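Asks: If you scroll down you'll find the structure; I have some questions about it.
We did not get these values from a lab; they are worked out from the coordinates using the rules stated. Note that the coordinates shown come from a computational prediction; the quantities given were computed from them, not determined experimentally. Counting neighbours? That spans all protein chains shown, and the Cβs are built from the backbone with ideal geometry, glycine included.
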Amino acid sequence: MKVAVTGATGFIGRYVVAELLKTGAQVIALTRDRSKVESHPNISVIECDVHHASEQLYDKMGRPDVLLHLGWGHLDNFRALEHFTSELPAHYHFLTSLISQGLPHLVVAGTCSEYGLQTGEMKETNLPDPVLPYPFAKNALRQQLEFFKTKKSFGFTWARIFFLWGEGQGTCSLYSQLKYAALAGEAKFNMSGGEQVRDYLTVEDMAVQLASLALAKADIGIVNVCSAKPTTVKSLVKSIVESKGWNIELNLGFYPYASHEPMSFWGDNTKLKTFLGR
């Protein structure tokens, strides 16, 4: 089976590609810099920029069975207006062009932030209510693709990714900041009060779920990709510190809670487990 992956060299992408290779899949890695892709007999690399993609790209990729679309720009700033002024139209054109060229199945990474400031357990039936440009643009892309699907048939899965952590995560992430402080020998790690309830997965577990959705070649619409196990941020940080054997004290309450995030927020993964038979 051939699986094309955009964002193949990104934080999530690298783990997803590794997981797909374990299954024996042929991976077509789409990237702007082929030097960032590790050599492997089951990987072919296509240099590609979503904003300037070839109109014959599907044939150039070798006509894959499914595209797992993880790529997106400006992820260092969820408030950037470019999410809907430039990213949204570019990604819509890129994906609909591939579908028009013959791509039969598409899995797109969404974000739990599409649910906005709603609290408690989020089901796929919860109406989206994004409050920042990034999730607004992501949700708008999903809606556009659903409209496009009424004109052109294709298998469509929208994977709403919840919170994750792991090696290689961006420097602004909670885990990376914690690791830096611990390895630098700092006595304390400054953080919020840590009482926020979240739904975390390791990036390795997330990769398994995304790879499974891609290999399924299905048409299941929105699906939460999450653990369905609510935990406080404080508990997560403590467990990481203990598992890594780091000697650092948590300085709780140093930062205020973010105004654009709900205090209690986790996902229901019943649909995901039912679909994957778990």
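Asks: What dipole magnitude, in Debye to the nearest 20, does the chain give about its Cα centre under +1 on Lys/Arg Cβ and -1 on Asp/Glu Cβ? Don't skip to the answer; put the middle values down first.
Replies: Details: 27 positive and 27 negative charges, 99 e Å.
The dipole of the chain has a size of about 480 debye.
Asks: Pairs to check: Lys123/Lys188; Lys22/Lys152; Lys244/Lys271; Lys152/Lys217; Lys22/Lys138. Give those whose C-alpha atoms are more than 27 Å from each other in this structure.
Replies: Numbers: Lys123/Lys188 37 Å; Lys22/Lys152 32 Å; Lys244/Lys271 33 Å; Lys152/Lys217 16 Å; Lys22/Lys138 29 Å.
Pairs exceeding the cut-off: Lys123/Lys188; Lys22/Lys152; Lys244/Lys271; Lys22/Lys138.
Asks: Could you give the alpha-carbon Rg of region 1-68 over 2.2 N^0.38 Å, rounded to two decimals? The partial results should precede the final answer.
Replies: On the way: Rg = 10.9 Å, N = 68, 2.2 N^0.38 = 10.9 Å.
Relative to the rule-of-thumb radius for its length, region 1-68 sits at 1.00.
Asks: Just how large is the dipole of region 206-278 about the Cα centre, in debye to the nearest 20, putting +1 at every Lys and Arg Cβ and -1 at every Asp and Glu Cβ? Display every interim value, and only then the final one.
Replies: Values: 8 positive and 5 negative charges, 53 e Å.
Dipole about the Cα centre, nearest 20: 260 debye.
Asks: With springs connecting C-alpha atoms under 10 Å apart, model the chain as a Gaussian network and identify which of Glu114, Glu167, Glu124 has the largest mean-square fluctuation.
Replies: Maximum fluctuation in the GNM of the chain, among the listed residues, is at Glu167.
Asks: Please list 125-136, 10-21 highest first by mean number of surrounding beta-carbon atoms within 10 Å per residue. Write out the running numbers ahead of the final one.
Replies: Values: 125-136: 17.0, 10-21: 22.0.
Highest to lowest by the protection proxy: 10-21, 125-136.
Asks: Please list the radius of gyration and Dmax for the chain, considering alpha-carbon atoms only, with Å as the unit.
Replies: So, for the chain, Rg and Dmax equal 19.0, 59 Å respectively.
Asks: Another question, then. About the Cα centre of region 183-222, how large is the charge dipole given +1 on each Lys and Arg Cβ and -1 on each Asp and Glu Cβ? Please answer in debye to the nearest 20.
Replies: Roughly 60 debye for region 183-222.
Asks: What share of Cα pairs, in percent, lie more than 20 angstrom apart in region 120-198? Numbers along the way, then the final one.
Replies: On the way: 1734 of 3081 pairs.
I get 56 percent for the Cα pairs in region 120-198 exceeding 20 Å.
Asks: Of Ile240, Gln196, Ala159, which is farthest along the charge dipole of region 148-241 in the positive direction, counting Lys and Arg as +1 and Asp and Glu as -1 at C-beta?
Replies: Comparing the listed Cα positions along the dipole, Ala159 ranks first.
Asks: Now a separate question. Computed from the mean reciprocal separation of all distinct C-alpha pairs, what Kirkwood hydrodynamic radius does region 140-278 have, in Å?
Replies: One decimal place: 17.1 Å for the Kirkwood radius.
Asks: Relative to the longest principal axis of the C-alpha atoms of the chain, give the angle of the C-alpha long axis of helix 233-244, reported between 0 and 90° and rounded to the nearest 10°.
Replies: It is inclined by approximately 90 degrees.
Asks: Could you list Trp165, Trp266 in order of exposure, starting from the residue whose Cβ has the fewest other Cβ atoms within 10 Å?
Replies: On the way: Trp165 19, Trp266 23.
Ascending number of Cβ neighbours within 10 Å: Trp165, Trp266.
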